[in-house]
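Report on one structure; see the data block that follows.
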Amino acid sequence: MDMTAFTLCQENNIPIIVFDINNHDNLKRILQGELVGTLVEGETQPE
């Protein structure tokens with residue numbers, strides 16, 4: 001993921017899951033709802 005993609009996600013409050021893609025089961029596990037890797041979320045701004 002490059003800095004532009006990261007910034008776009010941050011600006012639009014799109015969460016990102018950072019995980020080891022070299023472990024072939026990780027993507028499948030994430031899609032099945034398992035907690036794998038680290039969830040990066042933006043801060044909510046008060047209205």
One can check that the equivalent ellipsoid of the chain, built from the alpha-carbon gyration tensor with semi-axes equal to the square roots of five times its eigenvalues, has lengths in Å, largest first, of 24, 13, 7
Here the net charge surrounding Pro15, from other residues whose Cβ is less than 15 Å away from its Cβ (Lys, Arg +1; Asp, Glu -1), is -3
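Any read-out appearing in this document is the output of simple, stated calculations on the displayed coordinates, not a laboratory observation. Just so it is clear, the structure is predicted and the values come from calculations on it, not from any experiment. Positions of Cβ are backbone-derived with ideal geometry, glycine not excepted, and every protein chain shown enters the neighbour counts.
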